[in-house]
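Novice: Input: one structure, supplied below.
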Amino acid sequence: MFTVNSAAIAFLLPLIFALTVAAEEFVEKRYEAGVDEDGVQRVEIEAGEYYYDPNFIVVKVGVPVELSIRDVGGIASHDIAIEAPEAGIDFSEDFGSEPVTIRFTPTRVGEYQFECTKRFLFFRSHKDRGMHGTIKVVE
Ligand SMILES: [Cu+2]
């Protein structure tokens, strides 16, 4: 006979709520890329559960960008995806603790959203848990 302990329910319900519904605070971490001597804007991103740092990245239009991204902890695996082909920014890359380099040249001013597309079973997606950000392309 299967019985449900009320103490277990009292413990599990808030946990299920936290994992599936509750909003987590999103803190903006801004980085304005400079242009290196070789004409490349380099940006290093560290990612974990469930964030990118930085998550608001300002780059200049028409100047090549090199994003270097790596996972700095946790057990979940992550990716970074952005779909803005109209701005020359369109990629989806898995990464781990070794840095992965992504190159593109932004062609249009604007703000473009990136996110982690991973999700574990029925839990909230990594994006919904705070794993998203913005590339802002400026003149
Ligand atoms: Cu993720």
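Novice: For Val63, all conditions in the list (1) open to solvent by 50 Å² or more (accessible area, probe 1.4 Å); (2) modelled with pLDDT of 95 or more; (3) assigned to a loop (DSSP other than H, G, I, E, B) hold save one; what is the number of the exception?
Specialist: The number of the failed condition is (1).
Novice: With the requirement that a residue be out of contact with any strand residue (DSSP E or B) (no Cβ under 6 Å at 6 or more places or on another chain), near the ligand (Cβ under 10 Å from one of its atoms) and closer than 15 Å to Glu44 by Cβ, what does the stretch 69-100 give you?
Specialist: None; the set is empty.
Novice: Right, here's the next one. Out of all the residues in the stretch 69-99, which are surrounded by 15 or more Cβ atoms within 10 Å (Cβ to Cβ), part of a strand (DSSP E or B), in contact (Cβ under 8 Å) with a residue 24 or more places away in the chain and under 14 Å from the mean Cα position of the chain (by Cα)?
Specialist: Ile69, Arg70, Asp71, His78, Asp79, Ile80, Ala81, Ile82, Phe95 - these are the residues of the stretch 69-99 that are surrounded by 15 or more Cβ atoms within 10 Å (Cβ to Cβ), part of a strand (DSSP E or B), in contact (Cβ under 8 Å) with a residue 24 or more places away in the chain and under 14 Å from the mean Cα position of the chain (by Cα).
Novice: Scan the stretch 101-117 for residues that are buried (at least 18 other Cβ atoms within 10 Å of the Cβ) and within 12 Å of the ligand (Cβ to nearest atom) and jot them down.
Specialist: Phe114, Glu115, Cys116 - these are the residues of the stretch 101-117 that are buried (at least 18 other Cβ atoms within 10 Å of the Cβ) and within 12 Å of the ligand (Cβ to nearest atom).
Novice: Sort out which residues of the stretch 36-49 are open to solvent by 50 Å² or more (accessible area, probe 1.4 Å) and assigned to a loop (DSSP other than H, G, I, E, B), and write them in order of number.
Specialist: Listed by number, the residues that qualify are Asp36, Glu37, Asp38, Glu49.
Novice: What number of residues within the stretch 107-129 are over 16 Å from Ile69 (Cβ atoms), touching a residue at least 24 places away in the same chain (Cβ under 8 Å) and part of a loop (DSSP other than H, G, I, E, B)?
Specialist: Here the count works out to 8.
The values are calculated or read from the model by the stated rules, or taken from the named source; none is laboratory data. Values in this document were obtained by computation on a predicted structure and should not be read as measured data. Cβ: placed from backbone, ideal geometry, glycine included. Neighbour counts: every protein chain shown. Ligands, DNA and RNA are excluded from the accessible area calculation, which covers all protein heavy atoms including side chains. Shrake-Rupley method; radii C 1.70, N 1.55, O 1.52, S 1.80 Å.
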